[in-house]
Amino acid sequence: MEETGALIRKRRATISTGKGVTLKQVNGRSAVNESINGHGDSGNIVTKRNVSDLPSTTSKERKKRINVPSDRQSCHRLQESLLSSASGYRNYRGVLNWCVVMLVLSNARLFLENLLKYGILVDPIQVVSLFIKDPYNMPAACLVIMSNVFIVAALYTERRLSVGCFSECVGLLVHSINLSVTLCFPVAIVLMVKSMTPGSSIPRSKGSGVDYQVSYPGNLTLRDLYYFVFAPTLCYELNFPRSPRIRMSFLLRRLFEMLFFTQLLVALTQQWMIPIIQSSMKPLEDMDLPMMMERLLRLAVPNHLLWLIFFYWFFHSSLNFIAELLQFGDREFYRDWWNSETITYFWQNWNIPVHKWCLRHFYKPLLKSGVSKWLGQSAVFLASAFFHEYLVSVPLKMLRPWAFMGMMAQLPLAWFVARFLRGNYGNAAVWISLIIGQPIAVLMYVHDYYVLHYREGSAGGGPE
């Protein structure tokens with residue numbers, strides 16, 4: 001029994017205290033195990049010293065040893081600052097919110113300055129009066145009515161082709177003549193009729209037609225043709241994708257957005273854009289470059305804001321409203337152009353209906369005929385520049401090259417951005433071209449219109 005008691009008293013229990021230090025209970029006393037490499041629990045060789053070899057410690061020394069910080073209490077580690085690129089930090093949502101708040105505050109100051117300087121200029125009655133001032137001189141209404149002649153002519157030509165009344169060459173000639181007259185007719189109407197007022201028409205949906213499939217020449221009907229005319233697309237198909245039903249809540253939301261943003265566009269134009277444009281005439285006449293730059297920068301903010309509102313009003317609210325009304329299934333009217341890192345990506349994604357038409361009817365046929373990609377893209381930009389100039393010069397009744405030159409300038413800009421700028425720098429270049437490029441063209445057209453109509457009129461005795 002005495003030998004057994006001695007063995008029990010010599011039994012040692014090991015208590016781990018962390019890295020490198022091990023306490024052992026030996027006959028009621030402590031012993032310390034110190035590892036050679038500082039990792040006593042890693043399986044390496046550990047040197048043990050008996051407690052009898054250690055000097056006796058007082059209670060103060062034991063308290064001081066307990067208060068020494070261990071690795072678990074360490075508050076430092078190898079790391080980079082958050083704003084360094086090596087840190088990998090990407091959550092800048094708070095900075096984005098700060099930018100939005102600063103943008104709102106800065107524009108609020110401009111809005112108050114505009115009110116204090118010009119007063120309230122918004123007048124909806126002035127816009128309505130354009131529709132009722134002269135009901136017999138409405139070029140837009142005339143164009144809407146007369147466009148049915150060209151639509152029916154195209155349908156009749158296609159029907160004659162389907163039954164073999166004349167050859168494909170004759171049909172191509174007739175379609176080419178019809179298209180040329182379609183482009184020239186608006187020019188003649190606008191030049192002949194003085195008043196310029198807009199007009200529009202929206203068809204009613206006739207059932208879902210989800211399972212209704214047609215084939216050529218069964219599609220050569222007025223119903224099928226006019227569905228394509230009013231559908232939010234430029235590319236014809238025999239059977240468009242159709243939605244199963246009309247969602248009234250979605251339709252009413254889009255209608256409310258259309259009405260609200262229409263009034264907002266008119267109000268911002270009257271209150272913000274027109275005063276800046278009017279105050280820009282004298283610097284443009286005097287060729288005062290510092291003042292011209294100041295007016296350009298002042299015009300850039302409201303012009304860009306109007307452009308963004310117009311984009312949402314047209315490509316989201318209006319086209320979705322028409323598509324829902326006609327149960328047109330393909331609702332991809334735009335993509336994420338705001339993330340564009342190149343000029344080419346922007347033009348491919350901000351106006352999908354036009355992009356699909358250019359790709360299907362212009363770019364791909366050029367590639368099939370052996371034209372290179374670069375030359376095909378240049379031809380697409382050339383056609384786009386022509387139609388941009390057509391849409392601006394015809395209503396203003398003056399031929400100026402500013403829209404055409406602005407579009408053609410996109411070619412070297414696209415090459416430069418794609419070659420030398422990438423990522424955020426390329427995206428910033430796209431935004432700068434949108435914010436600065438458009439007001440330059442606006443000022444050029446306004447200046448030329450002012451010189452053509454008002455300066456010449458004042459020289460001859462003043463405008464009527």
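The values are calculated or read from the model by the stated rules, or taken from the named source; none is laboratory data. Since the structure is predicted, the reported quantities are computational estimates derived from the model, not experimental observations. Surface areas here come from the heavy atoms of the whole protein model, side chains and all, with no ligands, DNA or RNA. Shrake-Rupley method; radii C 1.70, N 1.55, O 1.52, S 1.80 Å.
Over the heavy atoms of R247, what accessible area does a 1.4 Å probe trace out, to the nearest 10 Å²? Solvent-accessible area, nearest 10 Å²: 90 Å². Send over the Kirkwood Rh of the stretch 355-436, from the inverse of the averaged 1/r over different Cα pairs, rounded to one decimal Å. It is 14.3 Å.
Over all directions, what mean area does the Cα convex hull of the stretch 285-427 project, stated in square nanometres? Each step should come with its number before you reach the end.
Details: hull surface 47.0 nm².
That works out to 11.7 nm², a quarter of the Cα hull's surface.
Note on surface exposure: H388, H447 rank H388, H447 by accessible area, highest first, 1.4 Å probe.
In terms of modelled amide H atoms, which long-range or inter-chain residues lie less than 5 Å from the amide H of R242? Excluding prolines and chain starts, which carry no amide H, the hits are G329.
Considering only lysines 8 or more places apart in sequence, or on different chains, count the pairs in the stretch 322-464 whose C-alpha atoms sit under 19 Å apart.
Details: K356/K364; K356/K368; K356/K373; K364/K373.
Here the count comes out as 4.
According to the Cα-based calculation, Rg over Rh for the stretch 244-300 is 1.36, with Rh computed by the Kirkwood formula. Shape analysis of the stretch 329-374 based on the Cα gyration tensor places the equivalent ellipsoid semi-axes at 22, 15, 5 Å, largest first. Converting phi to 3J(HN,Hα) with the Karplus coefficients 6.51, -1.76 and 1.60 and the offset θ = phi - 60°, the stretch 293-302 yields 5, 5, 5, 4, 5, 5, 7, 4, 5, x Hz in sequence order, with x at every glycine or proline.
Couplings 3J(HN,Hα) for the stretch 257-272, derived from phi with the Karplus relation 6.51 cos²θ - 1.76 cosθ + 1.60 (θ = phi - 60°), are 5, 4, 5, 5, 6, 4, 5, 5, 4, 5, 5, 5, 5, 5, 7, 10 Hz, where x marks Gly and Pro. The percentage of C-alpha pairs in the stretch 360-406 whose separation is greater than 17 Å is 42%.
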